[in-house]
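Each value in this text was obtained by applying a stated rule to the coordinates, not by laboratory testing. Just so it is clear, the structure is predicted and the values come from calculations on it, not from any experiment. We place every Cβ from the backbone using ideal geometry, glycine too, and count neighbours over all the protein chains shown.
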Amino acid sequence: MKTERKKKTYADDDGRVLYDMNLEGFKWYDKAIDSDPRTPKTSAKNATPPPPRPYDGQVSKKERRALILAAYRAYLPMLASIVAGFIIVMFIIKWWLS
């Protein structure tokens, strides 16, 4: 006899499904759920377009230059420490083998 498990309840769960995980190819795929006429099917034709983004991706030359310079400044300490570590290791190896 198989015992029935209690379904866990969470205080912040409102019962909405964010994404249907019943996908063909997964081991838990259930064809009966997929063919259920009560589940709404959205197609690309009647789907609503996503809301417009506040940033359209256009960057001026001055902004691009500032972004690249900021990235270099962010990575420079890491690069300097790696190069310094490499130089120290090479110096120790040279000193040890001489």
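Here are a few things to note about the model shown:
- Segment residue 28-residue 4, length gained on full extension (0.36 nm per residue, minus Cα span): 6.8 nm
- Residues residue 70 and residue 19, FRET efficiency given R0 of 25 Å [Cβ-Cβ distance, rounded to 0.05]: 0.10
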